[in-house]
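Heads up, the thing below is written out as structure tokens.
The values are calculated or read from the model by the stated rules, or taken from the named source; none is laboratory data. For clarity, every value in this text was computed on a predicted model and none was experimentally measured. A quick note on method: Cβ atoms are made from the backbone with ideal geometry, for glycine too, and the neighbour counts reach across all protein chains shown. These area figures cover heavy atoms from the full protein model, side chains too; ligands, DNA and RNA do not enter into them. Shrake-Rupley method; radii C 1.70, N 1.55, O 1.52, S 1.80 Å.
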Amino acid sequence: MDIQQIAKLCEGRRDVLCTMADKIFDYAEVGLKEVKSSALLEDYLQQQGFTVEKGVGTLPTAFRATWKQGEGGPRLGLLCEYDALEGMGHGCGHHMQGPSIIGAALAVRDLFQGKDVPFSIVIYGTPAEETIGGKTVMLENGCFQDIDLALMMHAAPTTCVDVRCMADMSYLVEFHGKSAHAAMNPEKGRSAFDAAILSFNAIEFLREHVEDDTRMHYTVRDAGGPANVVPDKTVAQYELRSYNTDYLRSLEPRFMDILKGAALMTGTTYTIPETHEFYAKIPCLTLNDLVMEQARAFQAPQLAEPRKKTGSTDFGIVMYHMPGTCIRTAFVPEGTAAHSAEYIKAGKTQAAHDAILYGSKILAATCARILEDPKLLEAMWKEFRERKAGKQ
């Protein structure tokens, strides 16, 4: 593999890739409203000869772009996000992902085009990672069945890969009671807010009886009105997390009992209008090692050891079904928090542009190694199946 040629191919598109990233940064479109961001990526891929399908997986701002050479061969999956944070903008660096993986895809295409190497490149645009977890919806509606591995890029304070992430089950719950004047006839009311508070207290008691890495959060989204009125409706949000997807699912009946008990004690009812589930990743260390080998070869900045445990991401459900990894490329000082003003301030800097290109080079070189030695992909799948069977 000629890493100098890969670097040349990626750097040759620096201006167009970084200009796309800056435009997506300025659009700052939140989940499922990334109309201009997705269109920008789709149009460029079409110009580059990719077949583009829009609105895949039932999500209007999702897309699939494919390029194929020959029959059979590895099916290289490259995924990107482009949603911003509501009220903040691109405080997580998602504007950099699409241009970075496009740079990698085009470098791989140019490097192997015309050679006797059958393969396909499949790029998935995956919206709404920060909100509903678009990849979960897309997978449930048939996406990602046409790739053999999944690769991503994400901006970060260090250049590294992740090992594990937390499964997450999120619930939006509406408690329904009966309104009454809180001073004159409170006995006629049934407080939806009381039901929410009781459920929060019950979760605190549950904490003592769950495994150590379990996380449980809650908040009131709508308390239901002023203090002098018994609220007939309160909206609460809950999140349960664990590094083990199966264990997290085992907690769901206990959580449901908490909701039932809170409603029973207050004479209220409840509905759950919205739920989301993020899976825990099944790590593929063979792939992680291959990616980090390329990061060192290109002398990426602020190299770090793999992050053993991280938060939650909808990429977890994809990695629950196939080998995958995300290369995090540094563009801010080590220790800088994501979802922060510092991320936004650095979003269009030279360091951000460099991170886009490092991601392109690292992912392109990873794909090139797999195309040159298909046994690497076989080894990844062997490890993946073993880990999944062991529920690691």
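Considering only protein heavy atoms and a probe of 1.4 Å, how much of the accessible area of the chain is carbon and sulfur, as a whole percent?
50 percent
Quickly work out the GLN48-to-ASP2 label distance, labels modelled 7 Å from Cα along the C-beta direction, and quote it in nm with one decimal.
2.0 nm
For segment 183-340, what is the accessible area per residue in Å², given a 1.4 Å probe and the full set of protein chains?
The answer is 49 Å² per residue.
Give, in nm to one decimal, the length gained when the segment between ALA341 and VAL35 is fully stretched (0.36 nm per residue of separation minus the Cα-Cα distance).
107.7 nm
Please give the charge dipole size of segment 56-151, origin at the Cα centre, charges +1 on K and R Cβ atoms and -1 on D and E Cβ atoms. Round to the nearest 20 debye.
So the magnitude is around 300 debye.
At 1.4 Å probe size, put MET96, MET184 in order of accessible surface, largest to smallest.
Order by accessible area, largest first: MET184, MET96.
Which lysines, if any, have their Cα less than 25 Å from the Cα of LYS115, not counting same-chain residues under 8 positions apart?
Within the straight-line limit of under 25 Å, LYS115 reaches these lysines: LYS8, LYS68, LYS361, LYS375.
Give, in whole angstrom and from largest to smallest, the semi-axes √(5λ) of the equivalent ellipsoid of segment 143-269, with λ running over the eigenvalues of the Cα gyration tensor.
Equivalent ellipsoid of segment 143-269: 38, 16, 13 Å, largest first.
Where Lys and Arg each count +1 and Asp and Glu each count -1, what net charge lies around ASP213 among other residues with Cβ under 13 Å from its Cβ? Please report the intermediate quantities before stating the final value.
Values: positive: ARG164, ARG207, ARG215, ARG241, LYS308, LYS309; negative: ASP168, GLU211, ASP212.
After counting each charged neighbour, the total is +3.
Over the chain, what is the percentage of antiparallel beta bridges among all DSSP beta bridges, to the nearest 5?
Antiparallel bridges: around 65 percent, rounded to the nearest 5.
Contour minus end-to-end for TYR218 and GLU140, with contour as 0.36 nm per residue of separation and end-to-end as the Cα-Cα distance?
25.4 nm
Under a Cβ-Cβ cut-off of 14 Å, what is the net charge of the residues other than LEU198 that fall near it, where Lys and Arg count +1 and Asp and Glu count -1?
With Lys, Arg at +1 and Asp, Glu at -1, the neighbours total -1.
What is the distance in Å between the Cα centres of segment 46-117 and segment 183-236?
44 Å
When you take every Cα atom in segment 1-79, what is the radius of gyration, and what is Dmax, the widest Cα pair distance, in Å?
Every Cα atom of segment 1-79 included, Rg and Dmax give 14.7, 40 Å.
In vacuum, with every alpha carbon of segment 255-360 counted as one equal point scatterer, what does the Debye formula give for log10 I(q)/I(0) at q = 0.10, 0.17 Å⁻¹? Two decimals, please.
-0.48, -0.93
If you line up the Cα atoms of the chain on their principal axes, what length do they span on each, largest first, in Å?
82, 44, 38
Straight-line reach from LYS260: which aspartates and glutamates have Cα under 14 Å away, leaving out those fewer than 8 places along the same chain?
GLU174, ASP194, GLU252
Nearest 10 degrees is fine. How inclined is helix 350-372 to the longest principal axis of the chain, computing both from alpha carbons?
Roughly 70 degrees, rounded to the nearest 10.
When the scattering of segment 86-201 is computed by the Debye formula from its Cα atoms alone, each counted once and equally, what is log10 I(q)/I(0) at q = 0.10, 0.17, 0.23 Å⁻¹?
Relative scattering, expressed as log10 I(q)/I(0), comes to -0.57, -1.07, -1.44.
For segment 250-290, how big is the tail of P(r) above 16 Å, as a whole percent of Cα pairs?
On the way: 493 of 820 pairs.
Tail of P(r) above 16 Å: 60 percent of Cα pairs.
In degrees between 0 and 90, to the nearest 10, how far off the longest principal axis of the chain does helix 192-206 point, with axes built from Cα atoms?
Its long axis makes an angle of about 60 degrees.
Please give the residues of segment 267-310, grouped as numeric ranges, whose backbone N is less than 17 Å from a label point set 7 Å along the Cα-to-Cβ vector of ASN201.
267-268
TYR27 accessible area, nearest 10 Å², 1.4 Å probe?
70 Å²
Connecting C-alpha atoms closer than 10 Å in a GNM of the chain, tell me which of ASP146, ASP116, ASP354 has the biggest fluctuation.
Sorting by GNM fluctuation, first place goes to ASP116.
In deg cm²/dmol and to the nearest 500, what is the mean residue ellipticity at 222 nm of the chain if only DSSP H runs of at least 4 residues count, each as -39500 (n - 2.57), divided by the residue total?
Result for the chain: -12500 deg cm²/dmol, rounded to the nearest 500.
Evaluate the charge dipole of segment 276-392 about its Cα centre and quote only its size in Debye, nearest 20, assuming +1 on the Cβ of each Lys and Arg and -1 on the Cβ of each Asp and Glu.
For segment 276-392, the charge dipole is close to 220 debye.
Which FRET efficiency value, to the nearest 0.05, do you get for GLU334 and MET265 by plugging their Cβ-Cβ distance into 1/(1 + (r/R0)^6) with R0 = 56 Å?
So the FRET efficiency works out to roughly 0.70.
Quick check for me: using +1 on Lys/Arg Cβ and -1 on Asp/Glu Cβ, what's the dipole size of segment 115-228 about its Cα centre, in debye to the nearest 20?
460 debye
Under 14 Å between alpha carbons, and skipping anything fewer than 8 positions from LYS308 in its own chain: which aspartates and glutamates qualify?
ASP162, ASP213, ASP289
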